[in-house]
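J.: Input: one structure, supplied below.
No lab work stands behind these numbers, since they all come straight from the coordinates. Remember, it's a predicted structure, so these values are computed and weren't measured experimentally. Note: ideal-geometry Cβ built from the backbone for every residue, glycine included; neighbour counts use all protein chains shown.
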Number of protein chains: 2
Amino acid sequence: MDEVDYRFLCELATQLRVDSVRAAAAAGSGHPTSSMSAAELMAVLLARHLRVDLTDPRDPANDHLVFSKGHASPLLYAMLKASGVIDDEELLTFRGRGSRLQGHPVPSVPLVGVATGSLGFGLPVAVGLALTGRRLDRLPYQVWALCGDGETAEGSMWEAFEFAGQEGLANLTAIIDVNRLGQRGPTRLGWDLAGYARRLGAFGWHTIEIDGHDPGQIDYALSDARATRRRPTAILARTCKGFGVSAVEDREGKHGKPLDDAEQAIAELGGPRRLTVRVTPPTGPGTAYGFAISPGSPPAYEIGERVATRAAFGRALAELANERGEIVALDGEVADSTGLDTFAEAHPERFFECHIAEQQMVAAAVGMQARGWKPYAVSFAAFLTRAYDFVRMAAVSRADLCLVGSHGGVSIGADGPSQMGLEDLAAFRSIHGSTVLYPCDANQTARLVEQAADLEGIRYLRTTRGETPVVYAPDERFPVGGCKILRTGDDATVVAAGITVHEALAAAGPLEEEGISITVVDAYSVKPLGAAELLSAARSTGRVVTVEDHRPEGGLGDAVLAALADAPVPLVKLAVTGMPGSAAPAEQLADAGIDRHAIRRAVRALVRGGS
Amino acid sequence: MDEVDYRFLCELATQLRVDSVRAAAAAGSGHPTSSMSAAELMAVLLARHLRVDLTDPRDPANDHLVFSKGHASPLLYAMLKASGVIDDEELLTFRGRGSRLQGHPVPSVPLVGVATGSLGFGLPVAVGLALTGRRLDRLPYQVWALCGDGETAEGSMWEAFEFAGQEGLANLTAIIDVNRLGQRGPTRLGWDLAGYARRLGAFGWHTIEIDGHDPGQIDYALSDARATRRRPTAILARTCKGFGVSAVEDREGKHGKPLDDAEQAIAELGGPRRLTVRVTPPTGPGTAYGFAISPGSPPAYEIGERVATRAAFGRALAELANERGEIVALDGEVADSTGLDTFAEAHPERFFECHIAEQQMVAAAVGMQARGWKPYAVSFAAFLTRAYDFVRMAAVSRADLCLVGSHGGVSIGADGPSQMGLEDLAAFRSIHGSTVLYPCDANQTARLVEQAADLEGIRYLRTTRGETPVVYAPDERFPVGGCKILRTGDDATVVAAGITVHEALAAAGPLEEEGISITVVDAYSVKPLGAAELLSAARSTGRVVTVEDHRPEGGLGDAVLAALADAPVPLVKLAVTGMPGSAAPAEQLADAGIDRHAIRRAVRALVRGGS
């Protein structure tokens, strides 16, 4: 790097710093000091190392940049201005109503593939992107993640460090902005770069310790990172929060607020600059790898056959992936329980073992879908809750991905409550734009797995551990947002889903003998709820019983209540109210009050009491 | 250790192994091979190092043992039998209906303080117990955690390793059963003990690598762990899964199932033994430390004063802690935003900075409450979802703790959706036995913070970022399970909570001018919902509008629908259906359709359409 380049980078960094201060001042909020510490790091990356065609953000050959410290968004927007993507006027719309320059980055802005702002989310997604580059796209793009030092306290960061280190993701660089200060005070390690290096080295990373305000050292480190083989690189950059402005530099209490005197700060930085940078487009091959496809044979089961929906899921996904090369799957080290082993055997190249690290599993899926792949991330329903914040952030990222949770409900039996998904329907229903599906038999599972592939947003499919009889013919169709009327009666409508469909059907006969006839609705599409036929049945019978292997709050019963809200009918909700222990599946259903006998009792009470 | 002792320990280990095989065989399910690998580790711990008075499990001086690998429950129950706590008959009730020997441990059994079974949960709780011993109880008990090797893939484990390493928790020992095999196949590191040692050493732990089947080495390591000062110790024990039975030893595909031929296996192990162990009771001081208390002065605010409920929370907790020495608080490095800084300044000894590690924060709280302290774990509502599985497991553990989530809803304003708690009410309502509180003003906040201290189970309190006017007098009472009728009308009932209470009140006047009178209900107790007066109001007006700064699923609206289910009235639910961007708080409420104008429109449409 010659003297001219060096001076230019110093000036560019100062411009990014000034623009960060200006944007936050215009907004009256934001995180300028967290932006200022990383200005040189990003100036050098932008001007000399990032390979992105800004005229074609979807070029598969583009590098990826993830602001894992999403609160440094002013810096990101200042970079977009410096590279001509936005103008100064737009920069100053930061955090305003309708502006795409939100408080934390969302994918409505070029260079931003995923939303960040929940710390510890960005790096795991960057790992997913690097994994995609290596094993799916098979393209030489580089993934750069700007990380905070404070966020290394998040366990999800260490899931990411471990995954990347073990996979040897040399196409990944974590640039850690060690500015010593978190939101509230000093970080645990302060400026102990060696402490970070020991940790990361032990996790298999190549580490470089630098002065994060020296463009020369940064340039060397970024070159070294790209050139390093077999290992991901972490650049440990010692920086000052609020660098360059004496009123805030390296001071506590200056996090997440605009500078008190922005004008003075800008003057101290030498005033605004008008530098522009032409970001270098990628030169490498621009076509992502495609897997060979072959005709699939959609699984079909005979009515009456006993098949667990978890097994049907695995088979359906494996078959679907024959026809569709973009389908990939991720496991949380339970594929032999979730049914996903069938996929793993059929498509080993598209199967990703994430070990027991559900957050990294979901983040990897988010990275994959950002590159156009169709990921299915699969674990026990109970353990997907470990990644709940990541699912929330995936929705903010407008990510399209499928989550599959097996072992839903008390019907798993003897393993006990820690293994039971009992809050999953509530948790995933409340995710913005989500679809929640809950099949009751193997044919229905297969059809829903197929349809889930082409939906948008977060799709959640819940499967059951035990074997259940096949109820539907193989050619039956199950539109998302539909339901099935399995039996029609006059006295009450029982709305069930998954395992409880079988209990509802079993209750119908004995009730008939008592002189009570029921309609049984299979609400396999919990969100959007298959409302039209369901509501018509509910209103014609005038009474509803909902029954679900889930907590009473936020699940099927609440979905039905909401659908009926404008013209309601009396409804009794059967759900799991107590804390289960160990017992056989049928005993669990009985003890929870959601089996055929409980349904009978509830219908009888409602009909006798209400007529 | 002499030859006799050595032989006894070998025999005891074999007995534990045999009993694990027998228990799983009797149950027809369970994890005998995961138990067999750790039999010597636990035999030596039980016979020579654990200091517990089994006749008085609540003795404060007792050591703590946490089975972080909760699936090795047969081993734990075999230990209970060997120490005379249960008999052989009870051992064989393993996993049966009504047995306290569940598939995964729950606190209904002596020695078990918290439920485990969701991997990566136990060690962080053990860290919380060790922290409690050091900084709260100030007792010399030792905390032993039996960990799986596979679970080290969980990020939460590294939150725990980091926390314990930095705190120098020498009273904590992690015994890592490195049996090389996970559920589905080999772990990432296999038997690379040095790989684990490098990682843990970098995190500040003392490590010892041993043969986990040699009682002599184990005894040395456990002695060394207790004697080590200033650092926690990890014993890295190389073991074989299924040790001692050739049909399963170190073989894949043998996880989580009883042995095919238990009789043959027991014969190979030399048949059942009838050894008993007298576990040594603690000798040290048995009285936990108590903090000095002083008269509190419960905060009181003037009606009309503008105070953010997050600030009122911090002040209320700080005051409450003056009177109550058992109250402690944990921060996720956002105390300056959540209001908790007020507590931190007033009670530094009872304040725990957990940095940005929400899972460890919640787990530490679980550990503290297991020793009788009353923890409040506090972060943004959005970021508490990072610990959702831990909250679920806390409920399975019958834990009593308070979670406080600030920055609920879109009303935070410009920070954008990643920072908004919009799914928290749904998530925490669905937790078994939870209480969900959502105050709208400072006096109400203070009273709810006080009451929350003495409730059972998981209490979740949601606070608001912006300032809101005080509505209630300081002496007003707010029973949990109650609601407040703030205004009475004839035409419709508007049910609000938190920020939307103010919007509902603001809508009432203009509606009155239109000739529409409304009842306004402040549903500060979202779960249990203050149903009686609310329902009476709803039924007398015949129409309900619910309005919440939350997703439509699983929140306030669904709670009201459920309460009305048996005799419903038409209801319109106003909630956040779109994906917010950045904007000012009032703009956000308007854009989400939950402000005073939206309430007016909804009430008007309901009344005009319905009359």
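J.: Assuming a viscosity of 0.890 mPa s and a temperature of 25 °C, what translational diffusion coefficient in µm² per second does Stokes-Einstein assign to the range A:296-375, Rh being the Kirkwood radius over Cα pairs?
T.: D = 187 µm²/s.
J.: In nm, give the distance between the simple-model label positions of B:E90 and B:R477, each being 7 Å from the Cα along the Cα-to-Cβ direction.
T.: 4.2
J.: Can I ask one more? For the range A:1-65, count the residues as N, evaluate 2.2 N^0.38 Å, and divide the Cα radius of gyration by that value, please.
T.: Ratio of Cα Rg to 2.2 N^0.38 Å: 1.30.
J.: What gaps in nm, shortest first, separate B:E268 from its twins in the other copies when you place the label 7 Å past Cα toward the beta carbon?
T.: In ascending order, 7.3 nm.
J.: Among the lysines in chain B, how many pairs, 8 or more places apart or on different chains, have alpha carbons under 23 Å apart?
T.: Eligible lysine pairs with Cα atoms under 23 Å apart amount to 12.
J.: Taking each residue in A:410-416, count the Cβ atoms of any other chain within 10 Å of its Cβ, then average. What number comes out?
T.: Per residue, the average neighbour count from other chains is 6.
J.: Does the range A:160-232 come out rounded, prolate or oblate, given a ≥ b ≥ c as the square roots of the eigenvalues of its C-alpha gyration tensor, rounded meaning a/c under 1.5 and, failing that, prolate meaning a/b above b/c?
T.: oblate
J.: A further question on this structure: Report, in whole Å, the centroid distance computed from the Cα atoms of the range B:1-38 and the range A:337-401.
T.: 37
J.: Treating the angle as unsigned and between 0 and 90°, give the value, to the nearest 10°, between the Cα long axis of helix B:309-323 and the longest Cα principal axis of chain B.
T.: Value to nearest ten degrees: 60.
J.: Taking the Cα atoms of the range B:484-608 alone, what are Rg (to one decimal) and Dmax (as a whole number) in Å?
T.: Rg then Dmax for the range B:484-608, in Å: 13.3, 41.
J.: To the nearest 10 degrees, how steeply does helix A:499-513 sit against the main Cα axis of chain A, on a 0 to 90 scale?
T.: With both axes taken from Cα atoms, the answer is about 20 degrees.
J.: Next question, about the same structure. Checking a compactness column here: for the range A:22-138, what do you get for Rg(Cα) / (2.2 N^0.38 Å), N being the number of residues?
T.: That works out to 1.04 for the range A:22-138.
J.: Over all alpha-carbon pairs in the range B:464-535, figure out the percentage whose distance exceeds 16 Å.
T.: Of the Cα pairs, 50 percent sit more than 16 Å apart.
J.: Take every residue in peptide A:133-139, count the Cβ atoms of other chains within 10 Å of its Cβ, and give the average of those counts.
T.: The per-residue average across the peptide is 0.
J.: Distances over 21 Å make up what percent of all Cα-Cα pairs in the range B:37-106?
T.: Summing the P(r) of the range B:37-106 above 21 Å gives 24 percent of all pairs.
J.: Let me know the shape class of the range A:306-469, please: from the alpha-carbon gyration tensor, a ≥ b ≥ c as square roots of the eigenvalues, rounded when a/c is under 1.5, otherwise prolate if a/b is greater than b/c, or oblate.
T.: In terms of gyration-tensor shape, rounded.
J.: Just order A:568-574, B:51-57 by mean Cβ neighbour count inside 10 Å, highest at the front, would you?
T.: In decreasing order of mean packing, A:568-574, B:51-57 become A:568-574, B:51-57.
J.: Just counting partner chain Cβ atoms within 10 Å, what average do the residues of peptide A:324-334 show around their Cβ?
T.: 2
J.: Now for a separate question. Can you pull the three principal axis extents for the Cα set of the range B:64-210, in Å, largest first?
T.: The Cα atoms of the range B:64-210 stretch 46, 42, 25 Å along their principal axes.
J.: Using a 7 Å offset from Cα along the direction of the beta-carbon, what are the separations from A:E3 to the same position in each other copy, nm, ascending?
T.: 8.5
J.: So, one more: Counting other Cβ atoms within 10 Å of each Cβ, which trypsin sites (Lys or Arg not before Pro) in the range A:193-290 have at most 15 and sit in a DSSP loop?
T.: Here the sparse-neighbourhood loop sites are A:R229, A:R230, A:R251, A:R274, A:R278.
J.: Report, for B:P469, each distance to the same residue's label point in the other copies, shortest first and in nm; define the point 7 Å along Cα→Cβ.
T.: Once sorted, the set of distances for B:P469 reads 6.4 nm.
J.: Additional query: If we sort B:578-584, A:543-549 on the protection proxy, mean other Cβ atoms within 10 Å, highest first, what's the order?
T.: A:543-549, B:578-584
J.: Using only C-alpha atoms and all pairs of different ones, pull out the Kirkwood radius for the range B:256-347 in Å with one decimal.
T.: Over the range B:256-347, the inverse of the mean reciprocal pair distance is 18.7 Å.
J.: Report the Cα-based extents of the protein assembly as shown along its three principal axes, largest first, to the nearest Å.
T.: The principal-axis extents, from largest down, are 84, 77, 76 Å.
J.: Let's test this: bin the Cα-Cα distances of the range A:3-268 at 10 Å from zero up to the farthest pair and state each bin's percent.
T.: 8, 33, 39, 18, 2, 0
J.: Let me ask you something else. With the cut-off at 1.5 for a/c, could you classify the range B:413-502 from its C-alpha gyration tensor as rounded, prolate or oblate?
T.: rounded
J.: Would you list the P(r) distribution for chain A, with all Cα-Cα distances sorted into 10 Å bins from 0 and each bin expressed as a whole %?
T.: Cα pair-distance distribution for chain A, in percent: 4, 17, 24, 20, 15, 12, 6, 2, 0, 0.
J.: Between the helical axis of A:596-610 and the dominant principal axis of chain A, each derived from Cα atoms, what acute angle in degrees is found, rounded to the nearest 10?
T.: Once rounded, the angle reads 70 degrees.
J.: Now for a separate question. Dipole magnitude of the protein assembly as shown about its Cα centre, charges +1 at Lys/Arg Cβ and -1 at Asp/Glu Cβ only, in debye to the nearest 20?
T.: So the magnitude is around 320 debye.
J.: Once each part is reduced to its C-alpha centroid, what is the distance from the range A:557-611 to the range B:418-472 in angstrom?
T.: Cα centres, the range A:557-611 to the range B:418-472: 29 Å.
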